[in-house]
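Report on one structure; see the data block that follows.
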């Protein structure tokens, strides 16, 4: 995987502590959480920095899909509780992925700049290991999840620590897996849900063999990047409108008047139709959305 910045980018990525940036395929950004000894727990100052990184990604026409993963044996274990404890002392309640006090340190995009991110372009979670608390809150709000069959473990352990998952996971989880399953995860606080179980429940898209989560995520990202970047952005917006609870009729109207109206008759739409008629592979241009 190349760490060399593609020449097509309009600016270099912002510097983010504990993050490795690479470009494993054309149009694909790979973001790797790099605090393996801390199970990639995210300290408070990193949330806003990561939000800036995702905003930079959205603003780069050349980039079409991003992947988030972790180094070592964890995807992300949530908040850095040792950092929090040392800052507030032993007599203060300890947060995990979120609490009213800890939430003040996030941007509106949430934990890791991702758990409440609206954004423009898709992000794939390549869950290579432990995915707990804030880590799971980020994964739930990603567009697709690829998970390691052997090493990936999911859970929301907050209730066992006297706090709750306050970074956006609770309302999104219930939409994805249903009330009873979401209640099991959020109210029991178990951390033993594997990739196969999460795929069965509809949270995980692809299950891979051990050590192959990032490799598979790159393949999926390349497949996605092979489609019209305009159509992917507009389709994602349509999905998001439904995800956020707007009725199908209104969501379709908002999409048609908004994002779709901006791509209707555009260069990529013309190219898609033309390439189909001519029975050839489409040659997309970078999105101007």
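The values are calculated or read from the model by the stated rules, or taken from the named source; none is laboratory data. Keep in mind that what you see is a predicted model, and the values were worked out from it rather than measured. Heads up, the Cβs are rebuilt from the backbone with ideal geometry, glycines too, and the neighbour counts pull from every protein chain shown.
Return yes or no: is residue 166 at negative phi and in a helix (DSSP H, G or I)? First the steps, then the outcome.
Values: at negative phi: yes; in a helix (DSSP H, G or I): no.
Spelling it out, it is not the case that residue 166 is at negative phi and in a helix (DSSP H, G or I).
Based on what the data block shows, is residue 182 crowded, with 20+ Cβ neighbours inside 10 Å and assigned to a loop (DSSP other than H, G, I, E, B)? So that I can check it myself, show each step before the final result.
Numbers: crowded, with 20+ Cβ neighbours inside 10 Å: yes; assigned to a loop (DSSP other than H, G, I, E, B): no.
Criteria not met by residue 182.
Among the residues of the range 170-179, write down those that are free of Cβ contacts under 8 Å to residues at least 40 places away in the same chain and in a helix (DSSP H, G or I). I'd like the intermediate steps shown before the answer.
Our first condition is that a residue be free of Cβ contacts under 8 Å to residues at least 40 places away in the same chain; within the range 170-179, this holds for 170-171, 173-174, 176-179.
Of everything in the range 170-179, those that are free of Cβ contacts under 8 Å to residues at least 40 places away in the same chain and in a helix (DSSP H, G or I) turn out to be 170, 171, 173, 174, 176, 177, 179.
Do you know which of the residues in the range 199-226 that are under 15 Å from the mean Cα position of the chain (by Cα) and not in a helix (DSSP H, G or I) is farthest from residue 175 (Cα to Cα)?
The selected residue is 206.
Step by step: first the residues of the range 267-280, then only those that are within 18 Å of residue 223 (Cβ to Cβ) and within 29 Å of the chain's Cα centre (by Cα), then the one that is modelled with the lowest pLDDT. Which residue is that?
272
If we keep just the residues of the range 244-261 that are part of a helix (DSSP H, G or I) and surrounded by 15 or more Cβ atoms within 10 Å (Cβ to Cβ), which is modelled with the lowest pLDDT?
251
Just one of (1) within 20 Å of the chain's Cα centre (by Cα); (2) outside any helix (DSSP H, G or I) trips up residue 196, so point out which.
Unmet for residue 196, out of (1) within 20 Å of the chain's Cα centre (by Cα); (2) outside any helix (DSSP H, G or I): (2).
Is it the case, given these coordinates, that residue 235 is closer than 30 Å to residue 172 by Cβ, assigned to a loop (DSSP other than H, G, I, E, B) and outside the structural domain of residue 151 (by TED's automatic domain parsing)? It would help to see each step written out before you state the result.
Details: closer than 30 Å to residue 172 by Cβ: yes; assigned to a loop (DSSP other than H, G, I, E, B): no; outside the structural domain of residue 151 (by TED's automatic domain parsing): yes.
No: the conditions fail for residue 235.
In the set 97, 115, which member is at pLDDT below 90 and within 16 Å of the chain's Cα centre (by Cα)?
Details: 115 fails: at pLDDT below 90.
On inspection, the qualifying residue turns out to be 97.
Given the condition modelled with pLDDT under 95 and either outside the structural domain of residue 163 (by TED's automatic domain parsing) or closer than 30 Å to residue 189 by Cβ (or both), answer yes or no: does some residue in the range 71-78 qualify?
Within the range 71-78, the subset modelled with pLDDT under 95 is 78.
Imposing the further condition that a residue be either outside the structural domain of residue 163 (by TED's automatic domain parsing) or closer than 30 Å to residue 189 by Cβ (or both) reduces the set to 78.
Checking the range 71-78: at least one residue is modelled with pLDDT under 95 and either outside the structural domain of residue 163 (by TED's automatic domain parsing) or closer than 30 Å to residue 189 by Cβ (or both).
Looking at 145, 124, which is the one that is closer than 23 Å to residue 52 by Cβ and touching a strand residue (DSSP E or B) at 6+ places or on another chain (Cβ under 7 Å)? Let's see the steps before the verdict.
Values: 145 fails: closer than 23 Å to residue 52 by Cβ.
Checking each option against the conditions leaves just 124.
Going by the conditions given, is residue 163 farther than 21 Å from residue 68 by Cα, buried (at least 21 other Cβ atoms within 10 Å of the Cβ) and assigned by TED's automatic domain parsing to the domain that holds residue 62? Spell out the reasoning first.
On the way: farther than 21 Å from residue 68 by Cα: yes; buried (at least 21 other Cβ atoms within 10 Å of the Cβ): yes; assigned by TED's automatic domain parsing to the domain that holds residue 62: yes.
Yes; evaluated as a whole, the condition is true for this residue.
Just wondering, is there one or more residues in the range 128-140 that are in contact (Cβ under 8 Å) with a residue 40 or more places away in the chain, surrounded by fewer than 20 Cβ atoms within 10 Å (Cβ to Cβ) and either touching a strand residue (DSSP E or B) at 6+ places or on another chain (Cβ under 6 Å) or outside the structural domain of residue 31 (by TED's automatic domain parsing) (or both)?
no
Does residue 227 qualify as being crowded, with 18+ Cβ neighbours inside 10 Å, modelled with pLDDT of 95 or more and either in the same structural domain as residue 26 (by TED's automatic domain parsing) or closer than 22 Å to residue 31 by Cα (or both)?
Values: crowded, with 18+ Cβ neighbours inside 10 Å: no; modelled with pLDDT of 95 or more: yes; either in the same structural domain as residue 26 (by TED's automatic domain parsing) or closer than 22 Å to residue 31 by Cα (or both): yes.
No: the conditions fail for residue 227.
Let me spell it out: the conditions are (1) under 16 Å from residue 47 (Cβ atoms); (2) crowded, with 24+ Cβ neighbours inside 10 Å, and residue 116 meets all of them except one. Which number is the exception?
Result: residue 116 passes all but (2).
Which condition number in (1) part of a helix (DSSP H, G or I); (2) farther than 14 Å from residue 230 by Cβ is the one that residue 280 fails?
(1)
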